[in-house]
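We did not get these values from a lab; they are worked out from the coordinates using the rules stated. The structure presented is a predicted model; accordingly, all values stated were derived computationally and were not measured. As a convention, Cβ positions derive from the backbone with ideal geometry for all residues, glycine included, and neighbour counts pool all protein chains shown.
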Amino acid sequence: MKPYIFNTAQITQECIAWIKHWMQHNGNDQTKVVIGISGGKDSTVVAALCATALGKDRVVGVMMPNGVQPDIDDSKRIIDFLGIQSLTININDAFQGITQAISQALPNQELTPQYKTNTPARLRMTTLYGIGAMLGNARVVNTCNRSEDVQGYSTHYGDSAGDFAPVAKLTTEEVVAMGDYLGLPYELTHKAPSDGMCGKTDEDNLGWTYHEINQIIRENEVGEHYDAIVKRYLVMQFKLHAVQLPAFKPELPDYFAEKYGI
């Protein structure tokens with residue numbers, strides 16, 4: 001593997017250039033992009049990258065609470081900070097409607113935690129594509145990162161979907177570094193990753209830290225949970241095989257890609 005050196009300024013500028021190039025070849029100079037804004041680091045940084053690449057007038061940030069979202073002020077903060085257009089679509093009625101219909105069809109089945117977590121994520125992606133269609137075929141931006149993806153820590157055809165993926169090949173720590181380089185609010189870029197639905201952080205749910213995952217991705221470092229992390233990757237990699245979006249690919253080492261091909 002190549003030595004791992006992350007040049008934040010260089011990678012950030014290369015990512016911005018990649019977004020410009022992709023949009024030039026998959027739209028026109030008026031085509032907008034639609035981004036779900038959660039208030040976390042990924043959507044915050046991706047929105048900033050797109051606003052820098054395309055201009056703030058071409059970026060639409062969409063807030064999608066499922067009823068009440070306690071940290072929605074974080075979403076509003078980055079939208080105001082960037083000066084991008086914003087929309088708020090509360091998906092609760094849609095969630096309750098489809099849940100009622102499914103419960104009636106399966107009257108003896110309890111709603112599983114997987115259903116409660118993944119269904120809102122899929123409704124949010126449907127919402128983004130609906131808005132994209134209403135705005136003249138706008139492009140929907142994927143905001144997943146490499147650290148989440150190698151653990152299958154995204155909802156299949158929910159937040160794992162989209163038209164293009166600016167940070168899908170970058171680790172959590174690299175995304176944070178880019179956010180700092182772009183001068184984004186520290187509290188948002190350094191916010192503990194969470195799906196915002198189960199009340200726990202990603203690391204609580206996984207049982208290990210993103211730092212340990214990142215050390216494997218970039219340097220194949222064998223830490224305490226090395227075997228468990230690789231095992232989870234092997235179980236979850238079907239998601240990566242099923243959804244392969246156009247993505248910015250920095251020239252950085254990637255253990256999983258080099259060993260397993262994706």
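Remark: the chain carries a charge dipole of roughly 740 debye about the Cα centre, counting +1 on each Lys and Arg Cβ and -1 on each Asp and Glu Cβ. Using the Cα gyration tensor of region 144-262, with a ≥ b ≥ c the square roots of its eigenvalues, what is the shape: rounded (a/c below 1.5), prolate (a/b larger than b/c) or oblate (neither)? It is rounded, given that a/c, with a ≥ b ≥ c, falls under 1.5. Please label the shape of region 127-192 as rounded, prolate or oblate, based on the square roots a ≥ b ≥ c of the eigenvalues of the alpha-carbon gyration tensor (a/c under 1.5 means rounded; beyond that, a/b larger than b/c means prolate, else oblate). Oblate shape, in that a/c is at least 1.5 and b/c is the bigger or equal ratio. Starting from the Cα gyration tensor of region 22-103, take the square roots of the eigenvalues, sort them a ≥ b ≥ c, and report rounded, prolate or oblate (rounded when a/c is under 1.5, otherwise prolate if a/b is larger than b/c, else oblate). Taking the square roots of the gyration eigenvalues as a ≥ b ≥ c, region 22-103 is oblate.
For the residue pairs LYS56/LYS200; LYS20/LYS249; LYS2/LYS231; LYS169/LYS259; LYS2/LYS191; LYS200/LYS249, the alpha carbons lie more than 21 Å apart in LYS56/LYS200; LYS2/LYS231; LYS2/LYS191; LYS200/LYS249.
Within the shell of other residues whose beta carbon sits under 9 angstrom from the beta carbon of THR8, the net charge comes to -2, with Lys and Arg scored +1 and Asp and Glu -1.
The residues packed around ASP73, meaning those with a beta-carbon under 15 Å from its beta-carbon, carry a net charge of -1 if Lys and Arg are +1 and Asp and Glu are -1. Summing +1 for each Lys or Arg and -1 for each Asp or Glu, what net charge is found among the other residues whose Cβ lies under 15 Å from the Cβ of GLY136? Value of the local net charge: 0. For the chain, the share of DSSP beta bridges that are antiparallel, to the nearest 5, is 10%. Counting every Cα pair in region 8-246, what percent are over 33 Å apart? I get 16 percent for the Cα pairs in region 8-246 exceeding 33 Å.
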